[in-house]
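Worksheet: the structure to be examined is printed underneath.
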Amino acid sequence: MARIAGVNIPTNKRVEIALQYIHGIGQKNARDIMEKVGIDQARRVNQLTDAEVLQIRETIDRDYTVEGDLRREVSMNIKRLMDLACYRGLRHRKGLPVRGQRTHTNARTRKGPAKPIAGKKK
């Protein structure tokens, strides 16, 4: 089992799919990494040599922000918005949708389960 950026990569999957298990690497970045290292798209993780795994690891460390660093960066960005008390920061603080979605109905993912209001029967 290969370990890249602190994540155990599944061994029996194609390299392109397995790299996407790392937070911050999606389909396009996985393809770019494979292109830089020079790995065929049909290869599986268990077919990789130690040198290729090392090359992948070095490429990710050098060119991409992943896992803990990325999570920290995103949370710091959100914290900065909240400290500024801008509109987006207030929406984050209140736990409401940030990107302009309606809240009269829907928005249950952000607001949580519906709470019944006493005496609202009509």
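The values are calculated or read from the model by the stated rules, or taken from the named source; none is laboratory data. Bear in mind that the values here come from a model prediction, so they are computed numbers and not experimental data. A quick note on method: Cβ atoms are made from the backbone with ideal geometry, for glycine too, and the neighbour counts reach across all protein chains shown. For the accessible areas, the whole protein counts, side chains as well, though only heavy atoms, and no ligand, DNA or RNA atoms are used. Shrake-Rupley method; radii C 1.70, N 1.55, O 1.52, S 1.80 Å.
Data table
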| item | result |
| --- | --- |
| Checking Tyr21 against (1) open to solvent by 60 Å² or more (accessible area, probe 1.4 Å); (2) over 30 Å from Pro97 (Cα atoms), the condition it does not meet | (2) |
| Flag if Gln101 is outside any loop (DSSP other than H, G, I, E, B) and either surrounded by 15 or more Cβ atoms within 10 Å (Cβ to Cβ) or under 23 Å from the mean Cα position of the chain (by Cα) (or both) | no |
| Residue satisfying all of: in region 56-65; part of a helix (DSSP H, G or I) and more than 15 Å from Ile9 (Cα to Cα); least open to solvent (accessible area, probe 1.4 Å) among these | Thr59 |
| Counted residues, region 78-94 - those being at pLDDT 95 or above and open to solvent by less than 70 Å² (accessible area, probe 1.4 Å) | 8 |
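Quick grid of which residues meet (1) in a helix (DSSP H, G or I); (2) modelled with pLDDT under 90; (3) under 17 Å from the mean Cα position of the chain (by Cα); (4) closer than 21 Å to Asp69 by Cβ:
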site	(1), (2), (3), (4)
Asn8	no, no, yes, yes
Asn12	no, no, no, no
Glu16	yes, no, yes, no
His23	no, no, yes, yes
Arg31	yes, no, yes, no
Lys36	yes, no, no, yes
Asp40	no, no, no, no
Asn46	yes, no, no, no
Ala51	yes, no, no, no
